[in-house]
1. Somewhere in segment A:21-34, is a residue within 16 Å of ligand 2 (Cβ to nearest atom), touching a residue at least 24 places away in the same chain (Cβ under 8 Å), over 21 Å from B:L206 (Cα atoms) and more than 15 Å from the chain's Cα centre (by Cα)?
2. Against the conditions (1) within 15 Å of ligand 1 (Cβ to nearest atom); (2) more than 14 Å from every other protein chain (Cβ to nearest Cβ); (3) touching a residue at least 12 places away in the same chain (Cβ under 8 Å), where does A:V17 fall short? Just the number, please.
3. Tally time: how many residues in segment A:168-208 are in a loop (DSSP other than H, G, I, E, B) and more than 16 Å from ligand 1 (Cβ to nearest atom)?
4. Looking at segment B:8-18, can you tell me whether even one residue there is touching a residue at least 40 places away in the same chain (Cβ under 8 Å), crowded, with 24+ Cβ neighbours inside 10 Å and within 14 Å of chain A (Cβ to nearest Cβ)?
5. State which residue is most open to solvent (accessible area, probe 1.4 Å) when the search covers only segment A:97-119 and only residues that are of a type in the set (S, T, N, Q) and in contact (Cβ under 8 Å) with a residue 12 or more places away in the chain.
6. What is the number of the single condition among (1) basic (K, R); (2) within 16 Å of ligand 2 (Cβ to nearest atom); (3) over 24 Å from A:V209 (Cα atoms) that A:R112 does not meet?
7. In this structure, is A:G109 at positive phi and not assigned by TED's automatic domain parsing to the domain that holds A:G72?
8. Has segment A:123-133 got at least one residue that is within 14 Å of chain B (Cβ to nearest Cβ), under 14 Å from the mean Cα position of the chain (by Cα) and among the charged types (D, E, K, R)?
Amino acid sequence: MAALLEIRNLSKSFGGVAANVEISFDVAPGEILGLLGPNGAGKTSLFNSISGEVTPDAGEILLEGRRISGLGPVACAMAGIARTFQVVRSFDSMSVRENVMVGAFTRLGSTRAAMAQADETMEFCGLTRRADAPAHMLSPAEKRRLEVARALATKPKILLLDEMLTGLTPTEAQEGVALVRAVQAQGVTILMVEHVMEVVLPLVSRAIVLNLGRVLTTGTPAEIVKHPEVIRAYLGDRYAAG
Amino acid sequence: MQNAITLRRRRELITAGVLVALLIVLPLPFHDPYTRNLMILTLLYAALAQSWNILGGTCGQISLGHSLYFGVGAYVSTLLFVWHGVPPWFGMLAAAAVAGLLALLVGWPCFRLSGHYYAIATVVVQEIAYLLFLNWDDIGGASGVYVPFHGQSWLNLQFRTAKLPYFYVMLGFFALTWIAAWWIEGSRWGFSWRAVKDDVIAARSLGVRVFPSKMAAAAISGGLTGIGGAIFAQFVGYIDPDSILSGPLSILIALPAVLGGVGTLWGPLLGAAVLIPLRELSSTFLGSSGSGVDLMLYGALIMVVALWRPQGLVSLFQRGRNGSAS
Ligand SMILES: Nc1ncnc2c1ncn2[C@@H]1O[C@H](COP(=O)(O)OP(=O)(O)O)[C@@H](O)[C@H]1O
Ligand SMILES: [Mg+2]
């Protein structure tokens, strides 16, 4: 099947720091693809390129065969890319419903339609109870959900999740995993960053491991955990030897 | 569909209806021109602050040069009246168009600046315009323009001594700005603009066009402010750069909104109702305005509100909504 998203030889540096170096991979429609790697590996930078927030120095990104790199965040959102942020960015002067409505307005013009869309999305994400709470009053786990809801309200083709499970309690993380599965079941393709392996591996069909800005390896969860380079990158040389 | 948003908006509309009804009868028991004058000015500044709030409060772009739009609006309408006999009702439309365009012109380079730099840029642009008008002899320069009296008429918005008609015109102007703000609040624009104010990066990741949002907010805000200038010129009968295109006036336009509650629907009216009478009192007891005393008064007021009610005076009327628990 043709890839939904293609990353072709993408490189990006900030000043002297090479955040991404010649990265290439495909995301198949409907899959959950994991993006792993230690802190500073370049995962968030890659998300910034895919979502149009930054323009890659070299290489290109194709969505359904059409080039989206360098078009900017608005065009990417319109094309069907939605994201959450590693450091939560809720609209704090608004209620939860209003936050989600901003997402819904991406494809809808009327307030009534955006409200209906927001209600549906909040229900799906388990936020209905908190619909009228000010966004800044939410718990960390609820804020993560709000980001997912806001992104889903844009009716994306692909959803980029940046460490949405990090910092949650085990119960909250399990609920998050269930939400990710439910999103996939709706037909939305997911690319998710997580640096805690135990959380992602059961969820994903394949994973890409980044290290120092480069693709270290790609494979199924079973292949990833056995890969000596991955073990070295995560745990250091001592473990790789043993 | 009924939810907290639709209920709140209906409540706002009903409150506004009741308020306008009250305001219609408010000046009737007061016959002295001084009190009526004060009411007119209060409504004027409430409306100007409401216009300012559309850009500053809703979209988060703090303009400290809004007297530019007020002053230019006043000049456009007045000069059309003086030179061509165009009635101010049409002059107002021209004022709104020119002031709105000017706001776009200022926004074009300045909205690319971030945060505080935008505020500073608006001050600079307004000061340049002030100097320009001060030295522009074809339109009166520093000596200003007198609006000739063409006889008492609603068409020309001129009345020999009556204050009441101006009160109702100002009330209409205030209602216009309020309805504009209310409508924007519930529309896609309002949501986009508030998203821009809260978090630009999140906003554009959701497809919000940041620069056009700021431009649209500026054009509407500037245009409405220009209408205020046109009405004010007919009301006072004389305009010069010092009275309608000055730095202190720019502050006075923003202040009621800041005092009452930035980005709120009722903040500007509430802020003006406190500030404008207070200003009159201070100039009565402490000497004329412009001596710097009133600026100190404003500064003190802002500090008191910032410390005691950071969300503005409207938060006194809110029942626990929007986290006033903090
Ligand atoms: N906007 C930026 N400006 C400067 N350096 C950046 C920027 N974004 C990322 N970097 C750098 O790029 C590298 C990769 O960072 P990041 O993509 O955030 O890693 P990860 O998300 O995998 O932890 C880091 O060294 C980081 O400091
Ligand atoms: Mg990161």
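The values are calculated or read from the model by the stated rules, or taken from the named source; none is laboratory data. Everything numeric in this text was worked out from a predicted model, so none of it was measured. Heads up, the Cβs are rebuilt from the backbone with ideal geometry, glycines too, and the neighbour counts pull from every protein chain shown. Remember, those area values only see protein heavy atoms, side chains included, never the ligands or the DNA or RNA. Shrake-Rupley method; radii C 1.70, N 1.55, O 1.52, S 1.80 Å.
1. yes
2. Tallying (1) within 15 Å of ligand 1 (Cβ to nearest atom); (2) more than 14 Å from every other protein chain (Cβ to nearest Cβ); (3) touching a residue at least 12 places away in the same chain (Cβ under 8 Å), A:V17 fails exactly one: (3).
3. Let us first name the residues in segment A:168-208 that are in a loop (DSSP other than H, G, I, E, B), namely A:168-169, A:186-188, A:194-196, A:201-205.
Add one more test, that the residue is more than 16 Å from ligand 1 (Cβ to nearest atom), and what stays is A:168-169, A:186-188, A:201-205.
Adding up the residues that qualify gives 10.
4. The answer is no; no qualifying residue exists.
5. Of segment A:97-119, the ones of a type in the set (S, T, N, Q) are A:99, A:106, A:110-111, A:117.
From what is left, the residues that are in contact (Cβ under 8 Å) with a residue 12 or more places away in the chain are A:99, A:106, A:117.
Values: A:N99: 0, A:T106: 8, A:Q117: 27 Å².
Taking the candidates together, the pick is A:Q117.
6. (2)
7. So A:G109 fails the test.
8. No, segment A:123-133 has no match at all.
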